[in-house]
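Here is the structure we will look at.
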Amino acid sequence: MSTKAINPEDLKRWGIEGSIKRELVLDELIETEITLDASEEEVIQVYLSSMNIYTQEELAKWMRSENVDKESLLTRATRYYRWIKVCEKKFKNQAATKFLKEKAKLDKVSYSMIWIDDEAFAGEVFVRIKEGECSVDDAILLSTNPPQGLKIGRVGPVKLQELPDALAELLRISQPKQVWPPIKIENGWGIVISEKLWPAVFNKEERLKILSELGEELLAEELKKSRDIVSQKTM
């Protein structure tokens, strides 16, 4: 294995110079004197949840891809947990406010999408669904050659913020099981059936996500400040 010293040009060539700077600034923001008020297991769980890793299979796959052992995992998790505690200290009162402001987008929905290229036939299918002459599942089978990217069939649960604005708004104002008349979608017609709405809840998981988002905003500001200082020194 090479013992060659790493210099700034290597970092640029490898494309990780920005990542290194980010981690250095993050280290400056983390208050190491914060007492860990959780077990190692909980610390690791919080870290893994931030990366949407919930099963042993997902964890094993991630550890292989990152080439880390259990000791390294705990080290990373402890650092992240300290960072979250810093975010909690700085943004404790802002987290709930941000959640309430964005709650409508965080709500989850499930729905069914049927796509038919002929307007008259789409109208007929809509009426048959409304009158109970055709089930939603049977109507879904009538969908043919939908536009690329359009999800057909039963979809969700999915956050409203992950959907196109028009569809998200339609589902936000829908009643459960509401069937909407055909809507023009590219060169065909979509029939949307609202299935269920899951209102977002400000629980521990959602709170940690928001604290992390606020922390990323702070980190971006600090990185910008450091770049501005460097620019001024080189002028």
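Worth a mention:
- Spatially proximal aspartates and glutamates relative to K209 (Cα-Cα < 17 Å; intrachain offsets below 8 disregarded): E42, E88, E102, D107, E162, E217
- Basic side chains Lys and Arg get +1 at the Cβ, acidic Asp and Glu get -1 at the Cβ, and with that the dipole of segment 78-172 about its Cα centre reaches some 1600 debye.
- Cβ-based charge dipole, the chain, positive-most Cα from A104, L36, F126: L36
- Label selected from [x] 24.5, 75; [y] 17.0, 53; [z] 18.7, 59, the criterion being Rg and Dmax of the Cα atoms in Å as computed here: [x]
- Only the Cβ atoms of Lys and Arg (+1) and of Asp and Glu (-1) were treated as charged; on that basis the dipole of the chain about its Cα centre amounts to roughly 620 debye.
- Segment 92-158 and segment 14-37: distance between their alpha carbon centers, rounded to Å: 42
- The stretch between A166 and K130 holds 10.7 nm of extra length on full extension. This uses 0.36 nm per residue minus the Cα-Cα distance.
- With R₀ set to 45 Å, the beta-carbon distance separating E57 from D118 gives a calculated FRET efficiency near 0.50.
- Inter-label distance, nm, simple model (7 Å from Cα along the C-beta direction), L29/E186: 4.0
- Folded to 0 to 90 degrees: helix 17-29 orientation relative to the chain principal axis, Cα: 70
- Flagged links, alpha-carbon separation over 30 Å, of K159/K225; K12/K224; K61/K151; K21/K151; K105/K177: K159/K225; K21/K151
- Rounded to 10°, Cα long-axis angle of helix 40-50 versus longest principal axis of the chain: 50
- Gain on full stretching of the segment that runs from V201 to L223 - 0.36 nm per residue minus C-alpha separation: 4.7 nm
- Cα-based helix-to-principal-axis angle, 56-66 vs the chain, degrees rounded to 10: 50
Bear in mind that the values in this text are calculations on the coordinates, not laboratory data. Treat the numbers as computed from the prediction; the structure is a model and nothing was measured. Please note: Cβ atoms are built from the backbone with ideal geometry, for glycine as well, and neighbour counts cover all protein chains shown.
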